[in-house]
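Trainee: My structure is below; once you've seen it, I'll send some questions.
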């Protein structure tokens, strides 16, 4: 869906990465606003800063990082790298929230990080064209942001509902999304570009299904289990991303698949521990 917002079917630029990121935040917030309209009292009692942090790290920054990254890397690679969330969730929990780590988990972290490096290097040249490794690292940065958000929810927002956390976090960062969108040529592009409404439709689907509704379920998992367990949904993300990429004509190499499987093995060790 990000790719469909960025490019037309023949590979021409449709919307910029900043516009795609801003639309994703804004559309998701608009969808959630009626559901949290009477829940703004949740912002009291010190929750404002935590919900704002979840909005920034769990929604705002990753929306732009993924969009910028996918101007230069395939969506399948972005999805495979997204599997790093449990690795960074463990490391951030260890560094800032006093979570203890077992030997098996430490091995899993090393395997996961090493496999991610291998995955990026294996993706350096596909189908005769170079892939900008620095853009792949933007996805890694997004997974670090997700991990920060997960730990904040688990440590400081345990008493709040998943709907409140998701909706209020999105609403708090939506003014920034609106400001960024209006500071660009979004309106003129929408009026003149062929396929503009297809791109808007794709980002709307992403915002409602892949951001708003998915985050409600995801945040519920964080509250009911642990940040580490909830982040393990990233076992599934690479598989879905690979299938979507394959169906969309993206090229995969054996090294990518091997590194992705190895990375999931590292995540298995983290959860096994």
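The values are calculated or read from the model by the stated rules, or taken from the named source; none is laboratory data. All values reported here derive from a predicted model rather than from experimental measurement. As a convention, Cβ positions derive from the backbone with ideal geometry for all residues, glycine included, and neighbour counts pool all protein chains shown.
Trainee: Filter segment 152-172 for residues that are surrounded by fewer than 24 Cβ atoms within 10 Å (Cβ to Cβ) and assigned to a helix (DSSP H, G or I) and give the result.
Mentor: Of everything in segment 152-172, those that are surrounded by fewer than 24 Cβ atoms within 10 Å (Cβ to Cβ) and assigned to a helix (DSSP H, G or I) turn out to be 154, 155, 156, 162, 163, 164, 171, 172.
Trainee: Please pick out the residue among 181, 209, 215 that is buried (at least 21 other Cβ atoms within 10 Å of the Cβ) and under 30 Å from residue 35 (Cα atoms). I'd like the intermediate steps shown before the answer.
Mentor: Values: 181 fails: buried (at least 21 other Cβ atoms within 10 Å of the Cβ); 209 fails: buried (at least 21 other Cβ atoms within 10 Å of the Cβ).
Exactly one of 181, 209, 215 is buried (at least 21 other Cβ atoms within 10 Å of the Cβ) and under 30 Å from residue 35 (Cα atoms), namely 215.
Trainee: Of everything in segment 162-197, what is touching a residue at least 60 places away in the same chain (Cβ under 8 Å) and out of contact with any helix residue (DSSP H, G or I) (no Cβ under 7 Å at 6 or more places or on another chain)? Give them in sequence order.
Mentor: Across segment 162-197, the qualifying residues are 193, 194, 195.
Trainee: Touching a strand residue (DSSP E or B) at 6+ places or on another chain (Cβ under 9 Å), at pLDDT below 95 and either assigned to a helix (DSSP H, G or I) or under 30 Å from residue 112 (Cα atoms) (or both) - does that describe any residue in segment 131-140?
Mentor: Looking through segment 131-140, at least one residue is touching a strand residue (DSSP E or B) at 6+ places or on another chain (Cβ under 9 Å), at pLDDT below 95 and either assigned to a helix (DSSP H, G or I) or under 30 Å from residue 112 (Cα atoms) (or both).
Quick grid of which residues meet (1) touching a helix residue (DSSP H, G or I) at 6+ places or on another chain (Cβ under 8 Å); (2) surrounded by fewer than 19 Cβ atoms within 10 Å (Cβ to Cβ):
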{"position": "19", "(1), (2)": "yes, no"}
{"position": "22", "(1), (2)": "yes, no"}
{"position": "31", "(1), (2)": "yes, yes"}
{"position": "34", "(1), (2)": "no, yes"}
{"position": "38", "(1), (2)": "no, yes"}
{"position": "43", "(1), (2)": "yes, yes"}
{"position": "46", "(1), (2)": "no, yes"}
{"position": "51", "(1), (2)": "yes, no"}
{"position": "61", "(1), (2)": "yes, no"}
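Trainee: Restricting to segment 86-98, and then to whatever is free of Cβ contacts under 8 Å to residues at least 60 places away in the same chain and over 20 Å from residue 238 (Cβ atoms), can you tell me which residue is farthest from the chain's Cα centre (by Cα)?
Mentor: Of everything passing the filter in segment 86-98, 98 is farthest from the chain's Cα centre (by Cα).
Trainee: Suppose we filter segment 81-108 for residues that are at pLDDT below 80 and in a helix (DSSP H, G or I); how many remain?
Mentor: Residues in segment 81-108 being at pLDDT below 80 and in a helix (DSSP H, G or I): 2 in total.
Trainee: Residue check: is residue 114 in contact with a helix residue (DSSP H, G or I) (Cβ under 9 Å, 6 or more places away or on another chain), assigned to a helix (DSSP H, G or I) and buried (at least 20 other Cβ atoms within 10 Å of the Cβ)?
Mentor: no
Trainee: Still on this model: Checking residue 120 against (1) in a helix (DSSP H, G or I); (2) within 20 Å of residue 23 (Cβ to Cβ); (3) at pLDDT below 90: exactly one of these is not met. Which one?
Mentor: (2)
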